[in-house]
Amino acid sequence: QVQLVESGGGSVQAGESLRLSCAASGRIFRIYVMAWYRQAPGKQRELVASISSDGSSNYSDSVKGRFTITRDNAENTLYLQMTSLRPDDTAVYYCSADIRVGIMPPYTGGEYWGRGTQVTVSS
């Protein structure tokens with residue numbers, strides 16, 4: 001099977017930085033789009049940023065200019081560099097990935113999710 005494991009969350013002061021990582025493991029043939037989502041208490045899960053396999057990225061307006069999404073295709077790892085953090089960035093951050101699974105055709109797979117990592121920003 002496939003697993004996505006996030007790390008790097010924590011508690012910081014406003015204005016500080018954090019770097020999240022998400023490592024994918026398993027019988028991975030190929031990973032297409034990878035993304036970071038977040039869910040704050042009492043709110044719906046929202047897309048933070050996404051990145052395609054060729055490195056094209058998109059950001060939500062709320063994080064544009066402060067967060068940077070990158071990926072290491074050789075290591076099947078996704079990153080989110082977060083700077084100038086604000087209290088309203090407080091949430092559980094999840095990574096997701098569109099993954100094809102298997103060592104030979106026919107490949108299976110779909111969208112996989114990690115369990116999340118908590119980011120808390122205090123003022």
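The values are calculated or read from the model by the stated rules, or taken from the named source; none is laboratory data. Here the structure is a predicted model, which means the values were calculated and not measured. Positions of Cβ are generated from backbone atoms using ideal geometry, with glycine treated the same way; all protein chains shown enter the neighbour counts. Just the protein is used for accessible areas: all its heavy atoms, side chains included, with ligands, DNA and RNA removed. Shrake-Rupley method; radii C 1.70, N 1.55, O 1.52, S 1.80 Å.
The portion of the accessible surface of the chain made up by carbon and sulfur, rounded to a whole percent, is 47 (1.4 Å probe; DNA, RNA and ligands excluded). Taking every alpha-carbon pair under 8 Å whose residues sit at least 6 apart, segment 34-79 reaches a relative contact order of 27 percent. Here the 3J(HN,Hα) profile of segment 43-49, calculated from phi with Karplus coefficients 6.51, -1.76 and 1.60 at θ = phi - 60°, is 10, 7, 5, 10, 6, 9, 7 Hz, Gly and Pro shown as x. All distinct Cα pairs of the chain go into the 1/r average, and the inverse of that average, the Kirkwood radius, is 14.6 Å. For the pair segment 96-115 and segment 63-94, the centres of their Cα atoms are 22 angstrom apart. If you take all other residues with their beta carbon under 12 Å from the beta carbon of A49, and give Lys and Arg +1 and Asp and Glu -1, the sum is +2. Counting only protein heavy atoms and using a 1.4 Å probe, the accessible area of E16 comes to about 80 Å². First measure r as the distance between the Cβ atoms of T83 and R45, then evaluate 1/(1 + (r/R0)^6) with R0 = 22 Å and state the FRET efficiency to the nearest 0.05. That pair, T83 with R45, gives E of 0.45. With a Förster radius of 25 Å applied to the beta-carbon distance between D54 and S7, the computed FRET efficiency rounds to 0.50. Available extension along the chain between V33 and A74 is 13.3 nm, counting 0.36 nm per residue and deducting the alpha carbon span. Normalised by the number of residues in the chain, the average gap of Cα pairs under 8 Å and 6 or more apart makes the relative contact order 36 percent.
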